[in-house]
2 protein chains.
Amino acid sequence: MRPALSAKVQALQPSLIRELANEATGSAKFNDLIQLWYGEPDLPTPEVVRRACQQALDHGETFYTPNAGILPLREALAAYMNDLYGTSFGVERILVTGSGTLALTIASQALLAPGDVLVTHAPHWPNLSAIQQLRGARVVRVPLELHDGRWQLDLQRFFDACGPDTRAMLINSPANPTGWMLDDDGQLEILDFCRRRGIWLIADEVYNRIIYDRTHAPTFADKIGPDDPVLIVNSFSKTWAMTGWRLGWLTIPAGLLGRFEMLTEYTNSCTPAATQLAGVCAIREGEPYLRASLARWDQSRRLLRDAFAQLPRAHCPPAEAAFYAWFACEGVADSYALASDILHEARVGLAPGGAFAPEGEGWLRLCHAVAPETMARALERLSPVLK
Amino acid sequence: MRPALSAKVQALQPSLIRELANEATGSAKFNDLIQLWYGEPDLPTPEVVRRACQQALDHGETFYTPNAGILPLREALAAYMNDLYGTSFGVERILVTGSGTLALTIASQALLAPGDVLVTHAPHWPNLSAIQQLRGARVVRVPLELHDGRWQLDLQRFFDACGPDTRAMLINSPANPTGWMLDDDGQLEILDFCRRRGIWLIADEVYNRIIYDRTHAPTFADKIGPDDPVLIVNSFSKTWAMTGWRLGWLTIPAGLLGRFEMLTEYTNSCTPAATQLAGVCAIREGEPYLRASLARWDQSRRLLRDAFAQLPRAHCPPAEAAFYAWFACEGVADSYALASDILHEARVGLAPGGAFAPEGEGWLRLCHAVAPETMARALERLSPVLK
């Protein structure tokens with residue numbers, strides 16, 4: 001008899017998105033499937049960024065790199081944040097990670113012991129819970145609430161959820177899947193609470209630049225001091241269409257770099273040099289690409305809004321940021337069943353809301369980081385099903 | 001007052017190799033330093049492998065990949081092992097990981113809960129302990145013993161160390177830093193014990209191909225059945241000079257792929273497609289490179305053996321596999337002090353044995369995965385200090 005895997009691993013839930021995607025695997029019927037279920041831009045990484053990686057490989061950049069990341073990337077990241085946010089981070093505050101997900105893993109390892117509680121809002125990206133559960137920590141979810149057709153977090157309710165075992169809170173703003181954002185005042189309130197109560201804040205800001213009416217969403221980066229108990233998670237994935245590269249970074253408090261270097265050493269050791277040099281290029285030369293992408297995705301977003309306005313059963317609160325439509329369909333409680341119907345009838349792949357914690361049940365997520373032509377085709381197919 | 005990091009993280013020890021390396025940073029005196037302290041081949045990755053990655057980037061392979069790895073790489077890995085070992089693994093037994101280190105992290109997450117015990121041999125690569133400690137597990141070390149000038153593991157002593165809390169054992173064969181190998185009979189005994197006692201085995205076989213008198217070292221791969229409680233860790237790093245790529249794989253029991261896919265999703269999600277396609281190329285076209293590398297490293301090994309024969313104070317048991325000389329120096333108890341002396345007097349970087357668990361104290365590790373010319377120069381500098 002083979003012994004069991006650890007209980008935490010047995011308790012993990014498979015991704016409902018992946019289960020649904022499996023329904024479409026291997027059948028010719030889905031050859032023209034429009035996939036809007038993943039949170040991924042539809043274009044490959046800008047060519048100039050790919051070239052930077054290729055050149056690094058030409059130069060033989062294939063050796064181990066420092067745990068914290070190569071200095072040119074850490075310098076570029078500090079400069080990027082300082083230019084964008086008006087901050088003054090030094091490289092000792094920056095840790096390069098092998099993906100935003102790994103940044104979350106490292107943050108979780110840094111802070112949480114079994115039995116610790118992490119408080120966050122829901123619905124949320126499933127990994128935000130599962131990563132903590134792998135540490136044996138307990139995740140307490142505070143639901144976002146719809147007021148006047150907009151998502152809001154009741155901060156008092158959020159603070160009330162923080163008890164004596166609460167070691168950390170996690171704020172994902174702009175949020176996946178809702179597009180909810182915490183404004184500057186709310187961020188200051190959260191920060192003040194964390195300082196007073198000695199609670200760590202993990203701020204997942206991977207959608208910080210995916211916003212349509214300004215250069216960046218509100219950030220904790222321009223509010224924290226060097227000693228604040230805050231870890232900011234960021235990634236190259238969404239901003240520069242680099243999902244497949246696995247490149248992210250953590251902004252950490254002063255004086256902790258040595259500990260985070262060790263955490264990296266004992267998790268995946270380091271990130272490839274050529275990947276990091278591609279990251280330097282993305283930061284330096286990626287802004288025109290980002291502006292063009294946002295313009296495309298905003299067009300798709302408008303098409304979506306106009307189409308949904310014609311579908312009285314569909315209810316889609318407006319999102320100011322990220323690249324998702326998060327919508328409910330009147331009379332539908334089982335979002336997996338609806339997503340499956342849509343997959344089979346419309347050949348459009350949407351993410352069932354139940355994937356995003358129980359608070360997401362009854363909703364569906366659609367990624368609009370696609371060309372307006374693709375979105376128009378998808379909407380043509382969706383409209384009859386959602387009517 | 002900023003709250004502390006988790007107690008496990010505060011207990012982590014920084015790498016003594018890195019501390020020593022810091023002594024040489026920024027001083028012109030070390031411009032001609034010969035670095036033999038890391039476990040890394042001295043040449044960049046073969047050009048054909050780099051080209052494969054570059055071509056994949058040309059083709060726009062920059063999107064998310066499946067958690068378990070892309071099918072072409074999993075097929076190539078199964079075929080590689082089946083050809084080499086005479087086994088018949090299917091792709092459902094193969095999980096691609098973002099480095100051998102990450103394979104160990106995922107294995108540890110899969111098996112260990114806080115308070116669990118993992119039994120292993122020592123001295124050993126520091127990550128082998130630290131990774132388990134990050135899970136809150138306890139590592140019990142059984143020392144390798146020198147008999148007739150060769151490293152051996154007393155299996156009875158190893159089994160006696162396995163108590164009721166022992167969830168897993170870890171065997172690293174061929175071993176870093178000693179070059180010790182567990183022979184086929186020993187592997188069968190270990191496997192039998194694990195089966196009878198319901199204890200998991202993590203077999204770290206990243207040095208399986210780094211051997212000078214045959215195609216591969218003894219492996220658990222050709223001894224396990226699909227239901228055995230064994231996870232085999234492997235990596236592209238040492239075999240194909242791909243340390244900087246972060247590409248490894250796990251061979252897992254039947255029926256567990258779904259769990260390991262989830263573990264991957266909730267750790268770093270996936271490995272870059274272009275990296276994986278480079279891995280396919282390394283498997284298909286990397287054998288001539290490996291043979292040439294082994295011939296070079298074997299030459300360096302012989303130079304080393306001959307030079308050490310002239311140094312009566314230096315005691316270096318022969319290693320049949322891996323690419324390290326692991327030696328003691330008569331009258332020296334503090335290996336960090338000796339490594340520091342060697343660094344400053346000879347400008348050769350060696351790893352102090354204390355880095356490899358307390359059992360390594362008094363010893364030094366030298367990586368001979370370098371050109372014979374480099375080794376000759378290093379030995380010229382080392383001899384006066386070790387005389």
Does any residue of the stretch B:231-249 turn out to be more than 9 Å from every other protein chain (Cβ to nearest Cβ), over 27 Å from A:Val9 (Cα atoms) and not hydrophobic (A, V, I, L, M, F, W, C)?
yes
How about the stretch A:264-369: which helices (runs of 4 or more DSSP H) wholly inside it have at least 3 residues that are assigned by TED's automatic domain parsing to the domain that holds A:Thr219 and touching a residue at least 40 places away in the same chain (Cβ under 8 Å)?
A:273-285
Kindly provide the set of residues from the stretch A:370-384 that are assigned to a loop (DSSP other than H, G, I, E, B) and either at pLDDT below 95 or surrounded by fewer than 18 Cβ atoms within 10 Å (Cβ to Cβ) (or both), ordered by number.
A:Ala371
Is there any pair linking a residue in the stretch B:376-387 that is outside the structural domain of B:Asp32 (by TED's automatic domain parsing) to one that is hydroxyl-bearing (Ser, Thr, Tyr) and not in a helix (DSSP H, G or I), with Cβ under 7 Å and at least six apart or on different chains, and which?
none
Looking at (1) within 21 Å of B:Arg196 (Cα to Cα); (2) out of contact with any helix residue (DSSP H, G or I) (no Cβ under 8 Å at 6 or more places or on another chain), can you tell me which one B:Arg167 breaks?
(2)
Residues of the stretch A:79-105 being more than 10 Å from every other protein chain (Cβ to nearest Cβ) and within 29 Å of B:Thr105 (Cα to Cα), which ones?
A:Val91, A:Glu92, A:Arg93, A:Ile94, A:Leu95, A:Val96
Can you tell me which residue in the stretch A:36-64 is farthest from the other protein chains (Cβ to nearest Cβ), limited to those that are part of a loop (DSSP other than H, G, I, E, B) and surrounded by 22 or more Cβ atoms within 10 Å (Cβ to Cβ)?
A:Leu36
Take the conditions buried (at least 18 other Cβ atoms within 10 Å of the Cβ) and basic (Lys, Arg) and apply them to B:Arg296. Does it pass?
yes
Does any residue of the stretch B:10-21 turn out to be of a type in the set (Lys, Arg), in a loop (DSSP other than H, G, I, E, B) and either outside the structural domain of B:Leu382 (by TED's automatic domain parsing) or out of contact with any helix residue (DSSP H, G or I) (no Cβ under 6 Å at 6 or more places or on another chain) (or both)?
no
For the stretch B:184-200, does any single residue satisfy the condition of being in contact (Cβ under 8 Å) with a residue 40 or more places away in the chain and either away from chain A (no Cβ under 13 Å) or part of a helix (DSSP H, G or I) (or both)?
no
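The values are calculated or read from the model by the stated rules, or taken from the named source; none is laboratory data. Predicted model, so just to flag it, every value in this text is computed and none were measured. Note that each Cβ is placed from the backbone with ideal geometry, even for glycine, and that neighbours are counted across all protein chains shown.
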